[in-house]
Amino acid sequence: MATSKTLILSTMRDEGPYIIEWLAYHKAIGFDDFLIYTNDCRDGTDLLLDRLEQNGELTHIRNNVLRRGPQKSAYKDAMTQPAYKNADWVLASDVDEFLNIHVGAGHVQDLLARFPKAETIPICWRHFSHNGHEGLLDGFSISALTDAESEQAAPKAVGRFVKSMFKPSSHIARIGSHTPMYDDEYTPKVQWGAKWLEVNPDEKPHRPTTDFGYDTVQMNHYAVRTLDTFLLKRDRGDVNYMKNRLELEYWQRWCLGGTQDISIHKHLPATHAEFNRMMSDPVVAALHTAASKVHAQRLETILGNPEVQKLKTEILTSVGMVSNAPKRKIVNEHAVNLAAKAPGRHQNRLKLLGQMPKGGRCAEIGVWNGGFSECILDVTQPSELTLIDPWELLAEQSADEWTHSRHKDHAFMRSMYDHVSSCYAHLPNVNIRKGFSAQILESFPDNYFDWVYIDGNHQYEFVRQDMEMAFKKVRPGGTIAGDDFFWKRNDRMHVKEAVLDAMRAEGMQNRPTRFGQQFMITVKD
């Protein structure tokens, strides 16, 4: 059976860290060609696409932006391009949208076969929340973001938007963001292919209200990705430069969740294979890495802006960093081994966790392999758990900072991060932050956490920094807890000294409550 030639048309600006994943995924599900327009890039997106074009992966055009704006300008020009004219089917899609097909093997040809008479196949958006993630993602969006809006229509909802696959035609007057716009005479004759039209022919093809066809196909829409990614998106502006749209209202409208959806994960192996193939070019890899660094640097800059900090605090406090998605039980094999390795320590840790509030907002400093993280999730059922560890970043530091023989082993430490991510990154109430603890804690608003557990670098200066920062970031009446109170090196009890000195600096003369080597302190009101 002959296959149809398929094309994705897209516009991009400052999307460097996300391009290879998006491209790899859509190649994995069978798209043949890509026509991508860029304008005014600051992160090397255009240079990365230039290289990918040299490698035969796509066609890249620098957009001549007219008064109508970047996207409309690109879509108008696209209709004159050979890639468009040679395509049997075209999908106009953004880099935060992933076509998720539920018929056949989930490939694009399976979708086309499902609607053999169609000229246009509208595909409903399905929005995904930030999954509790605050920082920039270190990995695939489709792996980490699994908290989706409900399949059911919300009360008083006016319908869901679509994106469309369509056959190029002389009857198309212009390409719209959501559907092609046919000339007036031909519009009534268009053959639409949509599940909801089979159920109810009177339903709108471009804005269904009840049946969204998710058992056939959906467009996974990661509109916010994470909180910090959203702030960068706001800084950049959307495809039409309407920066003023990207405020708290935008977050509340599009950061939607409540139902776990990992259906797209069936394509992860093929996506990784395509990703690795493209990244095997050292120039592509270097440009991808450079773009990620630019985003991290830009984030640091904009977070110094009081207006941005205000918006971030509004989102953190008004909306919260947790969706309503049900937690799926994940068993970390390292958690199973904790009791066997050190039964006394394990029991004391469980006693300490029993003192923590249920449903609280907490952080674990020093995650290692994530074994104790499992205990925190099971015992305290936190609304938000932030996992903080440098992992392989520690291998790049001075040997003076190493307190374990494996700290210098970059590959081993990276494997631990990957393991923790595989166990917890998909959970909507877990936020994984790779970096040094005092710096990461500083990024949170004061009085943010209900409790913090400190089990990072045990040397005095690092424990002292963690303690001082924890006193700022834990709310009055909250708890600062930790491990290895009597840890000793060179005849000095580093943890004990740092904890007591930090308490005295806060005017506290009492001793911390202890369960063996576990300690806990109540922050003064």
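Worth a mention:
- Restricted to Cα atoms, region 344-472 shows a radius of gyration and a Dmax of 14.2, 39 angstrom.
- Helix 371-380 and the longest principal axis of the Cα set of the chain meet at an angle near 90°.
- Neighbour-count ranking [beta-carbon atoms within 10 angstrom, fewest first] of PHE140, PHE161: PHE161, PHE140
- Antiparallel %, DSSP beta bridges [both residues in region 333-522], to 5: 30
- Contact order normalised by residue count of region 342-460, Cα under 8 Å, 6+ apart, percent: 34
- All distinct Cα pairs of region 424-502 go into the 1/r average, and the inverse of that average, the Kirkwood radius, is 13.3 Å.
- Remark: C-alpha extents of region 143-258 on the principal axes read 45, 31, 29 Å, sorted largest to smallest.
- The Cα trace of region 6-302 gives Rg and Dmax of 18.3, 53 Å, the first to one decimal, the second as a whole number.
- Fewest-first ordering of ASP389, ASP77, ASP446 by other beta carbons within 10 Å of each residue's beta carbon gives ASP446, ASP77, ASP389.
- Relative contact order computed over the chain (Cα-Cα under 8 Å; 6+ residues apart), in percent: 14
- Candidates PRO188, HIS407, GLN517 compared by Cα position along the dipole of the chain: farthest toward the positive end lies GLN517, with charges placed on Cβ.
- Protection proxy ranking of 393-405, 451-463, 192-204 - average other beta-carbon atoms within 10 Å, highest first: 451-463, 192-204, 393-405
- Principal semi-axes of the equivalent ellipsoid, √(5λ) from the alpha carbon gyration tensor of region 213-309, are 27, 24, 11 Å from largest down.
- Scoring 414-425, 490-501, 365-376 by mean Cβ neighbours within 10 Å over their residues and listing the highest first yields 365-376, 414-425, 490-501.
- Proximity of backbone amide H atoms, modeled 1.01 Å from N, is registered between TYR182 and ALA173 at under 5 Å, excluding neighbours fewer than 5 places apart on the same chain.
- As a proxy for reagent exposure, ranking ARG504, ARG464, ARG349 by other Cβ atoms within 10 Å from fewest up yields ARG504, ARG464, ARG349.
- Whole-Hz ³J(HN,Hα) from phi, Karplus 6.51 cos²θ - 1.76 cosθ + 1.60, for region 73-83, glycine and proline x: 5, 5, 5, 5, 5, 4, 5, 9, 8, x, 4
- Amide H to amide H, with H built 1.01 Å from N, VAL430 comes under 5 Å of LEU385, counting only residues 5 or more places away or on other chains.
- Karplus-derived HN-Hα couplings along region 272-284 (A = 6.51, B = -1.76, C = 1.60, θ = phi - 60°), whole Hz, x at Gly and Pro: 4, 5, 5, 4, 5, 4, 5, 6, 5, 6, x, 5, 4
- Per-residue ellipticity at 222 nm computed for the chain from its helices equals -10500 deg cm²/dmol, with DSSP H segments shorter than 4 residues left out and the rest contributing -39,500 (n - 2.57).
- Computed extension length for ALA154-ARG492: 115.6 nm, one decimal, from 0.36 nm per residue of separation with the Cα-Cα distance subtracted.
- Restricting the calculation to Cα atoms, the chain shows an Rg/Rh of 1.02 when the hydrodynamic-style radius is the Kirkwood one.
- Rounded to whole numbers, the Karplus 3J(HN,Hα) couplings from phi for region 407-421 are 4, 7, 8, 4, 5, 5, 5, 5, 5, 5, 4, 4, 5, 4, 4 Hz, using 6.51 cos²θ - 1.76 cosθ + 1.60 with θ = phi - 60°, and x at Gly and Pro.
- For ALA92, the amide hydrogen comes within under 5 Å of the amide hydrogens of LEU9, SER164, counting only partners 5 or more places away or on other chains and with H modelled in the peptide plane.
Taken together, the values in this text are just the output of simple stated rules run on the coordinates, not laboratory data. Since this is a predicted model, take the numbers as computed values, not measurements. Here the Cβ is made from the backbone with ideal geometry for all residues, glycine too, and neighbour counts use every protein chain on show.
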